[in-house]
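Here's the structure we're looking at; comments come further down.
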Amino acid sequence: MPSILPGATLGVLGSGQLGRMLAIAGRRMGYRIHTLSPDTGTPTGQVADREFCADYEDVDAVAEFARSVSVVTFEFENVSSLAAAAAERHAPVRPAGKVLHTTQNRVREKAFLTNAGLPVAPYRVVRSADELRAAIDDLGTPAILKTAGWGYDGKGQSRIEDETKADEAWRDLDTTEAVLEAFVDFELELSVVAARGTLESGSPFAAFDVAENRHHNHILDVSIAPALSPTVSPTVSRRAGEIARAVLEQLDVVGLLCVEMFLTGSGELLVNELAPRPHNSGHLTFDACVTSQFEQQLRAVCGLPLGSVQRLRPTAMANLLGDLWFRDGHRFEPNWAAACAHRDVKLHLYGKSDPRPGRKMGHLTAFGSDAASALRSALEARDALST
Ligand code: AMP
């Protein structure tokens, strides 16, 4: 299959900020962009050529959407296999539906990782309160119970402190299938965003540098590259890149995928989660790298050579959540001018009109002479928004 060249139309399933930044990267290179999601006036739709409004499970609408584009990719992975198959009949779907099928369910994802010989925290699959109690007996407490499907940003999971809470935790999770994971007393959370091209282009592979990630209330708060902590030694970085490569090759990904990992006190890396699309921890590549994660996704799915992942300066990214739009329970307009007064800071807003606590509304990227000064600058600029 020949490369899909500028002038062609890229189809994006999903319409949030990841698709928006992919669309911006694509438009800059002369591609046209179509997006499909159940909403209109979306972050991606605002910068796309055409916005299809339909449910992801509406296979006729997905088929019509796929007929209108040269290749289909994702910014949202929870699209059913049926919908992906409907699209695959009309256009190449990259990554393929089977990649989504594996990564959208924690049981399948863990089985893949384990079979691939990749390191994960000890876990058990549980399908009832009885199985949960048995799993707690095996793994001990604390432990983290996670629904098999549709979880993100800490949703659909709970921490179990002792066995007597098993029934309550199972009831509250309200699911038929889950995994219980041993609690990992990690030193740090890291991620690697990596891309793999088409077979025809020689299946090239390129991984961005490891990012150090800090979460707040289970939501990513800041990402830093290069990693700030000295525990991220060159050996750890290399190993993280090797894990990412093994994941993309063994899952046969054509496109971009993020591997989230825990780094333990003994220097061990454990894979926490896979996301077969651009990732929040890769947003800093938009301003910091020769090729952003979004352009890289586009290059990979269009069969173009992958771009350089070189990062030009130490960089930190701070998320802007909807909470910033409220003060003492009242609406408040963040002080954009004060943040922009930080001359080394780039402001990204996703065009969402309805700020809500916990909702990702935008982010700031800051540069510095080293990772610590980049982080300081990102946090100062974010604090300035509330002045
Ligand atoms: P997840 O939705 O699986 O990415 O989990 C969200 C966040 O919860 C992670 O980024 C960690 O901060 C925390 N977390 C998840 N699983 C574990 C675990 N097994 N042990 C300790 N913390 C965890």
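The values are calculated or read from the model by the stated rules, or taken from the named source; none is laboratory data. All of these numbers come straight from a predicted model, not from anything done at the bench. Don't worry about glycine lacking a Cβ; one is built from the backbone with ideal geometry, like all the others, and counts go over all protein chains shown.
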Residue under question is Arg277, and the condition is that it be crowded, with 19+ Cβ neighbours inside 10 Å, under 21 Å from Phe76 (Cβ atoms), away from the ligand (no atom under 16 Å from the Cβ) and in contact (Cβ under 8 Å) with a residue 24 or more places away in the chain; does it hold? no
Residue, modelled with the highest pLDDT, within region 51-70, restricted to residues that are within 9 Å of Leu36 (Cα to Cα) and among the charged types (D, E, K, R): Glu51
Search region 251-310 for residues being among the small types (Gly, Ala, Ser) and not in a loop (DSSP other than H, G, I, E, B), and hand back the single one that is farthest from Val184 (Cα to Cα). Ala300
Can you run down the residue pairs with Cβ atoms below 7 Å, 6 or more apart or on separate chains, where the first is in region 156-168 and under 17 Å from Asp185 (Cα atoms) and the partner is away from the ligand (no atom under 16 Å from the Cβ) and not hydroxyl-bearing (Ser, Thr, Tyr)? Ser158/Asp172; Ile160/Ala166
So Pro355 fits all but one of (1) without any contact (Cβ under 8 Å) to a residue 24 or more places away in the chain; (2) part of a loop (DSSP other than H, G, I, E, B); what number is the exception? (1)
Quick one: how many residues across region 71-104 are touching a Gly at 6+ places or on another chain (Cβ under 7 Å) and not in a loop (DSSP other than H, G, I, E, B)? 8
Quick check: anything in region 206-227 surrounded by fewer than 17 Cβ atoms within 10 Å (Cβ to Cβ), more than 16 Å from the ligand (Cβ to nearest atom) and at pLDDT below 95? no
Tally, over region 25-82, of residues that are within 23 Å of the chain's Cα centre (by Cα), of a type in the set (S, T, N, Q) and within 29 Å of Thr291 (Cα to Cα): 7
Criterion first (among the hydrophobic types (A, V, I, L, M, F, W, C), within 11 Å of the ligand (Cβ to nearest atom) and touching a Ser or Thr at 6+ places or on another chain (Cβ under 6 Å)) does Leu180 satisfy it? no
Can you name every residue in region 110-144 that is more than 10 Å from the ligand (Cβ to nearest atom), within 26 Å of the chain's Cα centre (by Cα) and at negative phi? Lys110, Ala111, Phe112, Leu113, Thr114, Asn115, Ala116, Leu118, Pro119, Arg124, Val125, Val126
Is it true that Thr264 is surrounded by fewer than 19 Cβ atoms within 10 Å (Cβ to Cβ), within 16 Å of the ligand (Cβ to nearest atom) and not assigned by TED's automatic domain parsing to the domain that holds Val79? yes
Contact list, first residue from region 179-202 and in contact (Cβ under 8 Å) with a residue 24 or more places away in the chain and outside any loop (DSSP other than H, G, I, E, B), second anywhere and near the ligand (Cβ under 10 Å from one of its atoms) and charged (D, E, K, R), beta-carbon distance below 7 Å, six or more apart or interchain, is Val179/Arg106; Val179/Lys146; Glu181/Lys146; Glu189/Glu260; Ser191/Glu260
Among the residues of region 159-178, are any under 28 Å from Met317 (Cβ atoms) and of a type outside the set (A, V, I, L, M, F, W, C)? yes
